[in-house]
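**Q** First the structure, which I've put down as structure tokens, then a few questions once you've had a look.
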Amino acid sequence: MTGTPRGDGTRAVRAGLPDPVKYEPTLPGPVFAAHFHLPGEPTGPYTYGRDENPTWTHLERAIGELEAPGEAVETVSFSSGMAAISAVLMSQLRSGDAVVLPDDGYQALPLVREQLEAYGIEVRTAPTGGDAQLSVLDGARLLWIETPSNPGLDVCDVRRLAEAAHAAGALVAVDNTLATPLGQRPLDLGADFSVASDTKGMTGHGDILLGHVTCRDTALAAGVRRWRKIVGAIPGPMEAWLAHRSLATLQLRADRQCANALALARALVERPEVTGLRYPGLPTDPSHPIASRQMRRFGCVVSFVLPDREHAERFLDGLRLVDDATSFGGVRSTAERRGRWGGDAVPEGFVRFSAGAEDAEDLVADVLRALDEAAEAAEPAPTAGRR
């Protein structure tokens, strides 16, 4: 099939595998090594365990093949999504630079802002929706985009923002965690960096902390890799191997999870107690026109608001097939009242729901039953008639 276009499933199954060697495993096991045999001059690829590892190499090639099929890109893997995010920001920004962040993005971004400002970097923010970051772009060194945003699920036009940023002399990074490369390819939309927490949908089983950065520009990738070396934010070989193993089912998982998320969103449309429903794949969603132009799959996360904190907690307590847990993208559905953490500008009854790979009928039935029970418990008890 060399030179023949391949589907997402074929790419996911074959990504990053080494050339076959007789009697060797198709996916070599994890290499646990702090150092390597190194006689003479250190000219080989593997010298010390903080710099490179063969297990990382296979994983990074696999992710690169998914981020930009058929193209020459460089991927750098990290011990977590935040390590990947920090590597891009810290490797590219200097005191006196300006960076544009979303003000409705991932919960840890305010902590990042504090640290950047402590280093003398100007931080500007604007919402994701309406391409509002364009209004604060002038003179910035880097534009950071998160689309769909977490947890509000707003979407911006990546291509439009990237073109404007490049015209203004700024680099562009896209946090693609929610979409994964099977849902959206930021490099094809003009981004310089595609960044993700692979803790979420990429690995999909809720048992690995991992992240990555992919670039076309080798100099940018070198800066990111240098930062990884300096701070030692490296993935363990076992985590890297498990991640590569998990990529084989990415297309299967993504298709099932996206279908379940759409089925859930359609069911929630009919519920009178549900407000603020967001899912980019829903035709009535405000973000759908843009999302449908730049996304190939719309992700597994649905967000909505229940009347108050108590109502949301009753709903979550009543779920039987859904774990009350943070994070998203796993094969087992999870949901949480996002306001319990603080930091997100969301109502007390805001629920972030991550659809897993259960049967859609079972999942929707469980949600509707829990909603019914939560609503019934909210109704005032009947008062005794007067005599």
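The values are calculated or read from the model by the stated rules, or taken from the named source; none is laboratory data. Just so it is clear, the structure is predicted and the values come from calculations on it, not from any experiment. No Cβ is skipped: glycine too gets one built from the backbone with ideal geometry, and neighbour counts run over all protein chains shown. Ligands, DNA and RNA are stripped out before the accessible areas are found, and what is left, the full protein with its side chains, is counted by its heavy atoms. Shrake-Rupley method; radii C 1.70, N 1.55, O 1.52, S 1.80 Å.
**Q** For the stretch 92-124, which residues satisfy the criterion of being of a type in the set (S, T, N, Q) and farther than 15 Å from Ala170 by Cβ?
**A** The initial filter retains those residues of the stretch 92-124 that are of a type in the set (S, T, N, Q), namely 92, 95, 107, 115.
Across the stretch 92-124, the qualifying residues are Ser95, Gln107, Gln115.
**Q** Tell me, which helices (runs of 4 or more DSSP H) wholly within the stretch 204-282 include 2 or more residues that are open to solvent by less than 10 Å² (accessible area, probe 1.4 Å) and either β-branched (Val, Ile, Thr) or under 30 Å from Ala34 (Cα atoms) (or both)?
**A** Ranges flagged: 218-231, 237-247.
**Q** What's the total number of residues in the stretch 289-311 that are more than 15 Å from Ala375 (Cα to Cα) and part of a loop (DSSP other than H, G, I, E, B)?
**A** 6
**Q** Say we look at the stretch 66-97 and pick out the residues that are hydrophobic (A, V, I, L, M, F, W, C) and part of a loop (DSSP other than H, G, I, E, B); which of these is surrounded by the fewest Cβ atoms within 10 Å (Cβ to Cβ)? Break it down stepwise before answering.
**A** Of the stretch 66-97, the ones hydrophobic (A, V, I, L, M, F, W, C) are 66, 68, 72-73, 76, 78, 82-85, 87-90, 93.
Still in the list and also part of a loop (DSSP other than H, G, I, E, B): 68, 72-73, 93.
Numbers: Ala68: 20, Ala72: 8, Val73: 20, Leu93: 21.
Within the stretch 66-97, the match that is surrounded by the fewest Cβ atoms within 10 Å (Cβ to Cβ) is Ala72.
**Q** Do we have any residue at all in the stretch 294-304 that's more than 13 Å from Ala261 (Cβ to Cβ), buried (at least 18 other Cβ atoms within 10 Å of the Cβ) and of a type outside the set (Asp, Glu)? Reasoning before the result, please.
**A** Our first condition is that a residue be more than 13 Å from Ala261 (Cβ to Cβ); within the stretch 294-304, this holds for 294, 296.
Still in the list and also buried (at least 18 other Cβ atoms within 10 Å of the Cβ): 294.
Cutting the leftovers down to of a type outside the set (Asp, Glu) gives us 294.
Yes, some residue in the stretch 294-304 is more than 13 Å from Ala261 (Cβ to Cβ), buried (at least 18 other Cβ atoms within 10 Å of the Cβ) and of a type outside the set (Asp, Glu).
**Q** Here is a list of conditions, (1) at pLDDT below 95; (2) part of a helix (DSSP H, G or I), and Leu116 meets all of them except one; can you say which number that is?
**A** (1)
**Q** Check Asp104, Asp51 and return the single one that is touching a strand residue (DSSP E or B) at 6+ places or on another chain (Cβ under 9 Å), open to solvent by 20 Å² or more (accessible area, probe 1.4 Å), touching a residue at least 24 places away in the same chain (Cβ under 8 Å) and not hydroxyl-bearing (Ser, Thr, Tyr).
**A** Details: Asp51 fails: touching a strand residue (DSSP E or B) at 6+ places or on another chain (Cβ under 9 Å).
It is Asp104.
**Q** Pick out the one residue from Pro20, Pro30 that is open to solvent by 20 Å² or more (accessible area, probe 1.4 Å) and over 27 Å from the mean Cα position of the chain (by Cα). Spell out how you get there, then give the answer.
**A** Numbers: Pro30 fails: over 27 Å from the mean Cα position of the chain (by Cα).
After ruling out the rest, the residue left standing is Pro20.
**Q** Would you tally the residues in the stretch 133-150 being within 29 Å of Val351 (Cβ to Cβ), open to solvent by less than 10 Å² (accessible area, probe 1.4 Å) and either of a type in the set (Val, Ile, Thr) or part of a loop (DSSP other than H, G, I, E, B) (or both)? Can you show your working first?
**A** Kept after step one, since they are within 29 Å of Val351 (Cβ to Cβ), are these residues of the stretch 133-150: 133, 144-150.
Adding the requirement that they be open to solvent by less than 10 Å² (accessible area, probe 1.4 Å) leaves 133, 144-149.
When the remaining residues are screened for being either of a type in the set (Val, Ile, Thr) or part of a loop (DSSP other than H, G, I, E, B) (or both), the result is 145, 147-149.
Residues meeting the conditions: 4.
**Q** Based on what the data block shows, is Glu163 on the phi < 0 side of the Ramachandran plot, buried (at least 22 other Cβ atoms within 10 Å of the Cβ) and of a type in the set (Asp, Glu)? Outline the logic, then answer.
**A** Values: on the phi < 0 side of the Ramachandran plot: yes; buried (at least 22 other Cβ atoms within 10 Å of the Cβ): no; of a type in the set (Asp, Glu): yes.
The answer is no for Glu163.
Matching residues to (1) at positive phi; (2) in a loop (DSSP other than H, G, I, E, B); (3) at pLDDT below 95:
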{"site": "Val13", "(1), (2), (3)": "no, no, no"}
{"site": "Leu17", "(1), (2), (3)": "no, yes, no"}
{"site": "Lys22", "(1), (2), (3)": "no, yes, no"}
{"site": "His37", "(1), (2), (3)": "no, yes, yes"}
{"site": "Gly40", "(1), (2), (3)": "yes, yes, yes"}
{"site": "Thr43", "(1), (2), (3)": "no, yes, yes"}
{"site": "His58", "(1), (2), (3)": "no, no, no"}
{"site": "Arg61", "(1), (2), (3)": "no, no, no"}
{"site": "Gly64", "(1), (2), (3)": "no, no, no"}
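**Q** Which one of Gly204, Gly183, Gly105 is touching a Leu at 6+ places or on another chain (Cβ under 8 Å) and within 29 Å of Ala240 (Cβ to Cβ)? Steps first, please.
**A** Details: Gly183 fails: touching a Leu at 6+ places or on another chain (Cβ under 8 Å); Gly105 fails: touching a Leu at 6+ places or on another chain (Cβ under 8 Å).
Exactly one of Gly204, Gly183, Gly105 is touching a Leu at 6+ places or on another chain (Cβ under 8 Å) and within 29 Å of Ala240 (Cβ to Cβ), namely Gly204.
**Q** Tell me whether the stretch 173-196 contains one or more residues that are farther than 24 Å from Ser287 by Cβ and assigned to a strand (DSSP E or B).
**A** Checked the stretch 173-196: no residue is farther than 24 Å from Ser287 by Cβ and assigned to a strand (DSSP E or B).
**Q** Of these, Val305, Val231, Val322, Val331, which one is touching a His at 6+ places or on another chain (Cβ under 9 Å) and β-branched (Val, Ile, Thr)? Show your work before the answer.
**A** Details: Val305 fails: touching a His at 6+ places or on another chain (Cβ under 9 Å); Val231 fails: touching a His at 6+ places or on another chain (Cβ under 9 Å); Val322 fails: touching a His at 6+ places or on another chain (Cβ under 9 Å).
None of the others qualify; the one that does is Val331.
**Q** So, one more: Return the pair list, or none, for Cβ contacts closer than 6 Å from residues in the stretch 263-292 that are among the aromatic types (Phe, Trp, Tyr) to residues that are outside any helix (DSSP H, G or I), at least 6 apart or on different chains.
**A** From the stretch 263-292, the pairs are Tyr279/Asp285; Tyr279/Val302.
**Q** Checking the condition among the basic types (Lys, Arg), open to solvent by 10 Å² or more (accessible area, probe 1.4 Å) and touching a helix residue (DSSP H, G or I) at 6+ places or on another chain (Cβ under 6 Å), which residue from Arg369, Arg309, Arg320 passes? So that I can check it myself, show each step before the final result.
**A** Values: Arg369 fails: touching a helix residue (DSSP H, G or I) at 6+ places or on another chain (Cβ under 6 Å); Arg309 fails: touching a helix residue (DSSP H, G or I) at 6+ places or on another chain (Cβ under 6 Å).
That would be Arg320, the only listed residue that is among the basic types (Lys, Arg), open to solvent by 10 Å² or more (accessible area, probe 1.4 Å) and touching a helix residue (DSSP H, G or I) at 6+ places or on another chain (Cβ under 6 Å).
**Q** Considering every residue within the stretch 329-350, establish whether at least one is aromatic (Phe, Trp, Tyr) and in a loop (DSSP other than H, G, I, E, B).
**A** Within the stretch 329-350, the subset aromatic (Phe, Trp, Tyr) is 341, 350.
From what is left, the residues that are in a loop (DSSP other than H, G, I, E, B) are none.
No, the stretch 329-350 has no match at all.
**Q** Return the only residue of Leu182, Leu111, Leu171, Leu189 being without any contact (Cβ under 8 Å) to a residue 60 or more places away in the chain and either surrounded by fewer than 19 Cβ atoms within 10 Å (Cβ to Cβ) or in contact with a helix residue (DSSP H, G or I) (Cβ under 9 Å, 6 or more places away or on another chain) (or both).
**A** Working: Leu182 fails: without any contact (Cβ under 8 Å) to a residue 60 or more places away in the chain; Leu171 fails: without any contact (Cβ under 8 Å) to a residue 60 or more places away in the chain; Leu189 fails: without any contact (Cβ under 8 Å) to a residue 60 or more places away in the chain.
Just one listed residue meets the conditions, Leu111.
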